[in-house]
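The values are calculated or read from the model by the stated rules, or taken from the named source; none is laboratory data. A quick note: this is a predicted structure, and the numbers were derived from the prediction, not measured. Heads up, the Cβs are rebuilt from the backbone with ideal geometry, glycines too, and the neighbour counts pull from every protein chain shown.
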Amino acid sequence: MAIQRIETIEKISDEDLSLMAKNIFGTNDIEHPGVKNFTSLGNTLISGSIKVLNYSYFPSDFPNTFATAEEIRKKLSDSGWTKVVAFQTRNPMHRAHEELCKMALERLSADGVLIHMTLGKLKEGDIPGDIRDAAIRKMVEIYFPNNTAIISGFGFDMLYAGPREALLHATFRQNCGCSHLIVGRDHAGVGDYYEPFAAQEIFDNEIVKKSLKIEIFAADHTAFSKKLNKVVMMRDVDDHSKDDFVLLSGTKVREMLSNGEDLPAEFARKEVADILKSYYQSLK
Amino acid sequence: MTNLVAPHGSDILKPLIIKDKSEKDNVITQSKKLHQLKLNSAAAANAVMLAAGYFTPLEGYMNKKDALSVSENMVTTMDYSGQFPLLI
């Protein structure tokens, strides 16, 4: 699928790989899934430029969603947008995410939001890309004003590198033409390896500020507040405790939908939940 | 074209996909004589990302010096793609 002009073939020692892991992941703990993967790829580096023949299975499996950076730029431009905020998601979007996108749009006075899904090989418990796509499209169709949201996707696995990965995600979206990326709590994190807002703070780093043009929209968790009867960002409501929010774990959501139950309207839009519900029921 | 933010490290996007049909045919012919490496799905997905211009300004895979430097110092802030070893 690609041809490479080989420049060098080098051996890289386990020590060097471990050092790289420490720098990139902040740890060389082999229990960290990203480190584990990174240090299992072998000890040979082949450097050099490549040219690629095709986009593999992405266009055929995700015909309306997969897009190249060039195609996204064209879509954004055709929509008349200049200031664009990107939202990355590997899950279906419920009201908390819907509101987060709208908050970013409003607070940044952006022209639109690029909802950028990660496509690709499924892991245990993942909802298939086409179902997620349908659910997100339904949400945008009904609940977003015309011409404020564009949906697209690409294939890039989670590396769980926290702050460094947030930088990479931001770079991808800058290449797509986005001026901002929503970065929430523990972005691209896993377990307790990263401080909750480290992935936001890294964007204040001098080197990053000098080179990356894209900025972040620093977000916190969002959830429906029973007190205020709307979705809020948690850091905006100091006086709330956990019980003041409508919160459902992923497991609970899956369980309810599999049993054919409706999700609370404060948590999910019915039209979105119905799509997921029929998927879960089809598994039985 | 509206004034969207410029790509990273370059004025223009650098997709690595071969668009020209005759160039594609040449490459396919050439490749039959070359050593072939099978990639895992993550590596293939990364090649697609490179093809689609998401990794601008990268044009391929880094050597050890660059990979180590980028992992340590974020020289271009494309630090993470420093670890792009193609494996045998």
Next on the checklist: Taking the condition of being buried (at least 17 other Cβ atoms within 10 Å of the Cβ) and of a type in the set (S, T, N, Q), how many residues in the range A:212-242 meet it?
Outcome noted: 2
Checklist entry - small (Gly, Ala, Ser), surrounded by 12 or more Cβ atoms within 10 Å (Cβ to Cβ), out of contact with any strand residue (DSSP E or B) (no Cβ under 7 Å at 6 or more places or on another chain) and farther than 20 Å from A:Ala69 by Cβ: does that describe B:Ser22? => result no
Next on the checklist: Suppose we filter A:Ile136, A:Ile207 for residues that are at pLDDT 95 or above and either more than 10 Å from chain B (Cβ to nearest Cβ) or over 12 Å from the mean Cα position of the chain (by Cα) (or both); which single one remains?
Outcome noted: A:Ile136
Next on the checklist: Please go through the range A:242-284 and give me each residue that is of a type in the set (Lys, Arg), at pLDDT below 95 and assigned to a loop (DSSP other than H, G, I, E, B), ordered by number.
Outcome noted: A:Lys284
Next on the checklist: Condition first: out of contact with any helix residue (DSSP H, G or I) (no Cβ under 9 Å at 6 or more places or on another chain) and over 30 Å from B:Asp25 (Cβ atoms). Can you find one or more residues in the range A:20-33 that meet it?
Outcome noted: yes
Checklist entry - Can you name the condition, by its number, that B:Met78 falls short on among (1) at the interface with chain A (Cβ under 7 Å from one of its Cβ atoms); (2) buried (at least 18 other Cβ atoms within 10 Å of the Cβ); (3) modelled with pLDDT of 80 or more? => result (3)
Checklist outcome for this item: Quick count over the range A:13-42, residues being within 12 Å of another protein chain (Cβ to nearest Cβ), within 21 Å of the chain's Cα centre (by Cα) and either farther than 18 Å from A:Arg164 by Cα or of a type outside the set (Gly, Ala, Ser) (or both), is 5
Checklist entry - Looking at the range B:35-75, which of its residues are farther than 24 Å from A:Ser40 by Cα, outside any helix (DSSP H, G or I) and facing chain A (nearest Cβ under 7 Å)? => result B:Ala52, B:Gly53, B:Tyr54, B:Thr56, B:Glu59
Checklist outcome for this item: Cβ pairs under 6 Å, 6+ apart or interchain, first in the range A:161-188 and modelled with pLDDT of 95 or more, second buried (at least 24 other Cβ atoms within 10 Å of the Cβ) and basic (Lys, Arg), ordered by first then second residue, are A:Leu181/A:Arg173
Checklist entry - A:Pro163 fails exactly one of the following numbered conditions: (1) part of a helix (DSSP H, G or I); (2) more than 25 Å from A:Val35 (Cα to Cα). What is the number of that condition? => result (2)
